[in-house]
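Chemist: Here it is, the structure, as structure tokens.
The values are calculated or read from the model by the stated rules, or taken from the named source; none is laboratory data. What you see is a predicted model, and the numbers here were worked out from it, not measured in a lab. Cβ placement follows ideal geometry from the backbone for every residue including glycine, while neighbour counts extend to all protein chains displayed. The protein model used for the area step is the full one, side chains on, heavy atoms only, and it has no ligands, DNA or RNA in it. Shrake-Rupley method; radii C 1.70, N 1.55, O 1.52, S 1.80 Å.
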Amino acid sequence: MLESVTIEQLRTLRAVAEEGSFTAAARKLGQGQPAVSQAMQRLEKQLGLRLFDRSGRVPRLTAKGEAVVAAAERLHEDLAVFQLVMGRIKSGAETKLSLAVDAMFPTSALLTFIHELAEAHPGVELALEVEFLAAVTALVRERRATLGIAGTDLDLAGLEQRPIALLRMIPVAAPSHPLAVGKDVITEERLASAVQIVLTERTPAGQPGSSDRGVFSTRTWRVADLMTKHALIVGGLG
């Protein structure tokens, strides 16, 4: 029966396939050749398949045998991952990192971090959520995220924090926008009279939102995602 097939039998099969003969596999495994031969005969009986063609001087894998070896290789890789995870759990290491990141954080810096994480900790699963403003800290407070990357102008009370980067926010407008026409100095009064596209957050009813960041104008259009904000700015609408 398939349920009675052991990892040791599949390891022996892989050794035979790699070494090319029962004798060479036995040397690699530190066993006698008869033990390897008997193990393969039992495996064939359990699977109900002829894995080796024994008509020649040296048994050769049949097509079905090669397919079983390929499956055993995949199982070996999965087992290696399983052993790695078990080792990390027993050592107290993290097996999953839940990360919440503010959408304003530079994508290039985030990708650099993820590359470094994958290289240093290949067994750690990453769960990444990109949110806006107070939604990042909310995920951390609710323990749905282990770490959060958020602006320091948010309510960080009760959260352990350390600075990692300083970002500059620069007002921009499309070349067709009135503020971009001409080379005159743009005064605060002109900024205040122009429509400004402001990123806002979706908060549950009754809960206050975060304070606006970098708002210069008294006339604001509010959007809930960066793509729409970018499209409106490029379209000369703010």
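Chemist: With everything on Cα atoms, drop me the angle between helix 7-19 and the longest principal axis of the chain, reported from 0 to 90° to the nearest 10.
Modeler: Rounded to the nearest ten degrees, it is 80.
Chemist: Counting pairs of alpha carbon atoms under 8 Å apart in space and at least six apart in sequence, what relative contact order in percent does the chain give? Please list the in-between numbers first.
Modeler: Values: 260 pairs, mean separation 29.7, N = 238.
Value for the chain: 12 percent.
Chemist: Just how many pairs of Lys in the chain have C-alpha atoms closer than 30 Å, counting pairs that are eight or more places apart or on different chains? Each step should come with its number before you reach the end.
Modeler: Details: Lys28/Lys45; Lys28/Lys64; Lys45/Lys64; Lys183/Lys229.
Qualifying lysine pairs in the chain: 4.
Chemist: Just from its helices, what would the mean residue ellipticity at 222 nm be for the chain, if runs of 4 or more DSSP H residues each count -39500 (n - 2.57) and the sum is divided by every residue, rounded to the nearest 500 deg cm²/dmol?
Modeler: Values: 8 runs with 102 residues, N = 238.
Taking each H run of at least 4 residues, the total per residue is -13500 deg cm²/dmol.
Chemist: Nearest 5 percent is fine: what portion of the DSSP beta bridges confined to the range 2-159 is antiparallel?
Modeler: 15 percent
Chemist: Could you give the alpha-carbon Rg of the chain over 2.2 N^0.38 Å, rounded to two decimals? The partial results should precede the final answer.
Modeler: Values: Rg = 31.1 Å, N = 238, 2.2 N^0.38 = 17.6 Å.
This ratio for the chain stands at 1.76.
Chemist: Would you mind checking the tilt of helix 63-91 against the longest principal axis of the Cα atoms of the chain, expressed as 0 to 90 degrees and rounded to 10?
Modeler: 60 degrees
Chemist: Moving on to the next point. I want to verify the translational diffusion coefficient of the range 97-201 in µm²/s; compute it with Stokes-Einstein, Rh as the Kirkwood radius over Cα pairs, at 20 °C and 1.002 mPa s.
Modeler: Numbers: Rh = 16.6 Å.
In µm²/s, the coefficient is 129.
Chemist: Going by average Cβ density within 10 Å per residue, which order do the peptides 216-222, 165-171, 115-121 take, highest to lowest?
Modeler: 216-222, 115-121, 165-171
Chemist: Any idea what the relative contact order of the range 1-139 is, in percent, if you count C-alpha pairs under 8 Å spaced at least 6 apart? List each step's numbers first, then the result.
Modeler: Details: 123 pairs, mean separation 24.6, N = 139.
Once divided by the residue count of the range 1-139, the mean separation gives 18 percent.
Chemist: Another one. At a 1.4 Å probe radius, carbon and sulfur cover how many percent of the accessible area of the range 22-121? Before the final figure, lay out each step's value.
Modeler: Values: 3610 of 6410 Å².
Taking all protein chains in place, the range 22-121 shows 56 percent carbon and sulfur surface.
Chemist: On average, how much accessible surface per residue is there in the range 96-149, in Å², for a 1.4 Å probe, leaving out ligands, DNA and RNA?
Modeler: Values: 3130 Å² over 54 residues.
Normalised by residue count, the accessible surface of the range 96-149 is 58 Å².
Chemist: Choose one of Ala80, Gly32, Ala70: the residue whose Cα lies farthest towards the positive end of the charge dipole of the range 1-80 (beta-carbon charges +1 Lys, Arg; -1 Asp, Glu; about the Cα centre).
Modeler: Highest projection toward the positive end goes to Gly32.
Chemist: Another one. Rounded to the nearest whole Å², what accessible area per residue is found for the range 7-91 with the 1.4 Å probe?
Modeler: On the way: 5320 Å² over 85 residues.
On a per-residue basis, the range 7-91 sits at 63 Å².
Chemist: Using only Cα atoms, find the angle between the long axis of helix 107-120 and the longest principal axis of the chain, and express it within 0 to 90 degrees, rounded to the nearest 10.
Modeler: For helix 107-120, the angle is close to 30 degrees.
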